Structure formats: structure tokens, C-alpha cells
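Heads up, the thing below is written out as C-alpha cells.
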Amino acid sequence: MASGRTISTLTRKNSKKNRKSSPLGQNFLTNQYIAERIAASVPDEALHHLFEIGPGKGILTKELLKLGGKIRAVEIDETLRPYLCPIVKEHGQDLDIIWGDALDILGTIFMETTFLISNLPFNISTELFYRIYDGIPYSDIPKTPFLGGIVMVQEEFGRRLISGPGGKDYGRLSILFQSKMEAQPILRVKRGKFDPVPDVDALVIGFEPKRTELRIPMDEPLFQKILIASFSSRRKKLRNSLHPGNLGMSCGINDIRELLKEMEVDDLRPEQLSIDRFMDIADSLMRH
């Protein structure tokens, strides 16, 4: 190990108890070309601020280091020390490995200049992206030091992140994530590029904070309640999904239905509405 370099250790906090995850549940990328493509997609200005979740056996880590990257990486599976410790020894101050659960320290990355990169374990994808949404308040988006990220996720989940109105993948997660982040697909990865081979293909997604055209809901809790109520019964029309009980409002159900009718959305299903239209509903109900 290089002089002055230490490998930190975090204590896992009941991660097995809190969610269906296993420290041995990763699918390791084995294709060098894919690793090179992902590394090459990282913006130059982000290379010195990388936060890698689940470096695994280090295939992507090594490609990032070749490009001059400086990486803080979090790995939960300590059986991977024989793969990662030699990389630390070779690259010294450019790579710091934290042994523990990334979700235990994720909140810290939103307070500093950081670019997230990961072949993300499929079993923490949903929780991680809700944490990203919660981690940066709307009011902080224009000035946040967080740079965004490039992550590889299960293809179906990736399509939920980037889907727009009208599709079956469009839902609450799509709206919450895209209301704060600009996101786009980078690369589709066939399941045979991993070991062990998963049951599904993967999708590489790039994203960054929404620096322009950011809209902030007047009442964020109400906005979220509207999304939960709408997509909990996504085949129902809005007039049948939104009522005072599930929105925590004291007005009558007819008041809500009349407002939806005035906005010409009462006869629509949730997947037909844009992010702005959902915010319109929340803001109108807030003023009502």
C-alpha cells in the first residue's frame, strides 16, 4: 500500500434487515470495451471528483484511473479486497476505498463537488434514486455542488427513470427524478457482459442537476401525495384517484373534481400528464 494511504471501514447498519440486499449480490461487468465506453462518457471536469458505488473487481475503476480520475469508492463485499487493494497500492492517492454500505454515507456526496459513477447493484437502485431526489432540495438545485452521475442499472428500471408521458414505464419515480435532474440513456448492455449473468439487460444512464427550466412546487408534500395517489391506481382517471382523504386536505371531493375539470385533466389517467401538469394541479390545489 502506498505511503500515507489508508483503507477506511464503515460498519453496516442492519442493511440486510432494512432491504432485500446481499453484499454478494453484485453482477460484475466483464467486458473491457463497455468499461472503456462508460469511463469515456465521464465529463473531464468530473474526473477529479468521482464517487464510485460498488467497484466490484475494479474493471471500471481502472479505466477511470487511466483517464486521470481521482476516486472515492464504496464497496460492501470485503471478499473483493484481493482485487481492489492492489489497485489502491498501485494508484496511491488517486483511489480511496471505503469498506461498507454506500447507502449509509450517500447523503454526504450532495454537500460537496461529486460525480456519482456505478455499475449499480440492482437491488439498491430504487432506494438510491429516491435518496438522490431527497438529497437535494429544489431550492438548492441551481447552486448544488453535486455534478450528477453515470450509472448502469437494470434496463427496465433505467427506462422508468428516463421515460416521458404516455408510456407504461412513466410513473412517480420518473416524475420525481426528472423534476430535479436532466437524464439521458448512454448505452445498452447485454446481460452476457456480466458475471454471474443476470436475468435482464442493463442500461447506462447519465444525469445532471436541472440548472435551467427548474420548476419548484409550491407545496412539495402535496405534490408527492398527488403522485402517490395518482399512480397507486394508474388505470383510474384522476377524478377517481384524487380525493381529500389521500391528499390530506379538508376540502370536499366535489371541490377537487371541479378543479380538475376546470383544468381539463379530470378525464385523464396519470401517465398522460407531464411533470409540469402535475405541478399545476398541486399548485392549484394549494391555492384553492
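The values are calculated or read from the model by the stated rules, or taken from the named source; none is laboratory data. What you see is a predicted model; the values in this text were computed from it and never measured. Using ideal geometry, Cβ is built from the backbone for each residue, glycine included, and neighbour counts are taken over all protein chains shown.
Observations, loosely collected:
- Residue in region 159-176 that is at pLDDT 95 or above, closer than 24 Å to residue 32 by Cα and surrounded by fewer than 18 Cβ atoms within 10 Å (Cβ to Cβ) present: no
- Whichever residue in region 155-188 is under 20 Å from residue 50 (Cβ atoms) and touching a residue at least 60 places away in the same chain (Cβ under 8 Å) and, among such residues, is farthest from the chain's Cα centre (by Cα): 187
- The residue that is surrounded by the most Cβ atoms within 10 Å (Cβ to Cβ), among those in region 246-265 that are outside any helix (DSSP H, G or I) and modelled with pLDDT of 95 or more, is 265.
- All of (1) within 30 Å of residue 35 (Cβ to Cβ); (2) outside any loop (DSSP other than H, G, I, E, B) hold for residue 280 with one exception: (1).
- Taken together, the residues in region 182-218 that are among the aromatic types (Phe, Trp, Tyr) and within 18 Å of residue 36 (Cα to Cα) amount to 1.
- Subset of region 48-67 that is under 21 Å from residue 146 (Cβ atoms) and without any contact (Cβ under 8 Å) to a residue 60 or more places away in the chain - its residue that is nearest to the chain's Cα centre (by Cα): 55
- Within region 99-125, the set of residues being touching a helix residue (DSSP H, G or I) at 6+ places or on another chain (Cβ under 7 Å) and assigned to a helix (DSSP H, G or I) comprises 103, 106, 107, 110, 124, 125.
- Residues in region 99-127 that are aliphatic (A, V, I, L, M) and either free of Cβ contacts under 8 Å to residues at least 24 places away in the same chain or surrounded by fewer than 19 Cβ atoms within 10 Å (Cβ to Cβ) (or both): 2 in all.
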